[in-house]
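Chemist: The following block contains the structure, expressed as structure tokens.
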């Protein structure tokens, strides 16, 4: 077991576009203070913003968690549903179920999940219809 | 032959006939590349450090995307105005927002001609 240097939980509300990005901005600030390198910081920032926006656009709300150990940065997004019916389709670039509000703001290009996977060193997604979706992303520090 | 020294945000003011909408923002930052796109999720996948990003979007999420990608500045074409909430957020995050009377097409043309490269 590695020792945890930092743990933060950020509740993210559904459809709250005004506050969207605040959790990611705070995560970036905290990692910067810890001296995380610019390259990792940028990848974590992009992935955390994408997953935070997914919570706002697609979920009934959830929690974005940050955990830092000497070896890695771990981001976990756990929502309260509705769950993803077809994960393979959801992971496909260009596929999106975002509503008109999200699209009018410039979201919903179907880039979110593939972009998270591209930026993280470790990526895992589990989803159960009616229960919720959990996404785990690891970023190696060494 | 483009000058190898990167342009600074302050150089864009005359080049693009632009004004800064964020008083107090650091205009000495280097502009490392240029980009234009209005689809925020697309920009998240392609944003880079030092980018000058031309967009007609003006809501708060624009500032979040620019800050998280370590961009140099956001450029609004055709005198588009940005909401006060977005400008306040930009000021709080140290992000520079420029407003230009030129079209996005003309802005990118002038940036390119002045030697600002495409993203990597």
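Chemist: Which percent, nearest 5, of DSSP beta bridges in the range B:1-108 are antiparallel?
Modeler: 25
Chemist: What's the exposure ranking of B:39, A:89, going from fewest to most Cβ atoms within 10 Å?
Modeler: A:89, B:39
Chemist: Same structure, new question: Could you please rank B:69, A:77, placing first whichever residue has the fewest other Cβ atoms within 10 Å of its Cβ?
Modeler: B:69, A:77
Chemist: Between the range B:33-74 and the range A:1-28, what's the alpha-carbon centroid distance in Å?
Modeler: Taking the Cα centre of each part, the range B:33-74 and the range A:1-28 sit 21 Å apart.
Chemist: Fully extended, how many nm does the chain gain between residue B:120 and residue B:48 (0.36 nm per residue separation, minus their Cα-Cα distance)?
Modeler: 25.1 nm
Chemist: For chain A, find the longest principal axis of its Cα atoms and tell me its angle to the long axis of helix A:22-33, 0 to 90°, nearest 10.
Modeler: 20
Chemist: Going by the alpha-carbon gyration tensor, a ≥ b ≥ c the square roots of its eigenvalues, is the range B:7-113 rounded (a/c under 1.5) or, if a/c is not under 1.5, prolate (a/b greater than b/c) versus oblate?
Modeler: Rounded is the answer for the range B:7-113, as its axis ratio a/c remains below 1.5.
Chemist: Something else now. Mean separation of Cα pairs under 8 Å and 6+ residues apart, divided by the residue count of chain A: what relative contact order is that in percent?
Modeler: Computed value for chain A: 27 percent relative contact order.
Chemist: Another one. Under a point spin-label approximation (7 Å from Cα along Cα-to-Cβ), what is the residue A:101-residue A:18 distance to one decimal in nm?
Modeler: Those two pseudo-labels are separated by 1.2 nm.
Chemist: Now, a different point. So for B:46, B:112, B:59, A:58, fewest C-beta neighbours within 10 Å to most, what's the order?
Modeler: Result, fewest neighbours first: B:112, B:46, B:59, A:58.
Chemist: How long are the three semi-axes of the equivalent ellipsoid of the protein assembly as shown, in whole Å, if each is the root of 5 times an eigenvalue of the C-alpha gyration tensor, listed from largest down?
Modeler: So the three semi-axes of the protein assembly as shown are 32, 20, 16 Å.
Chemist: Over all distinct Cα pairs, what is the inverse of the mean 1/r for chain A, reported as the Kirkwood hydrodynamic radius in Å?
Modeler: 15.2
Chemist: Relative contact order, percent, of the range B:13-67 when contacts are C-alpha pairs under 8 Å separated by at least 6 residues?
Modeler: 32
Chemist: Could you tell me what percent of the DSSP beta bridges with both partners in the protein assembly as shown are antiparallel, to the nearest 5?
Modeler: Looking only at bridges with both residues in the protein assembly as shown, the antiparallel portion is about 75 percent.
Chemist: Expressed as a rounded percentage, what relative contact order does the range B:7-113 have, with Cα pairs under 8 Å and six or more residues apart?
Modeler: Once normalised by length, the contact order is 33 percent.
Read-outs: derived from the displayed coordinates by stated rules, not from any lab. Keep in mind that what you see is a predicted model, and the values were worked out from it rather than measured. Don't worry about glycine lacking a Cβ; one is built from the backbone with ideal geometry, like all the others, and counts go over all protein chains shown.
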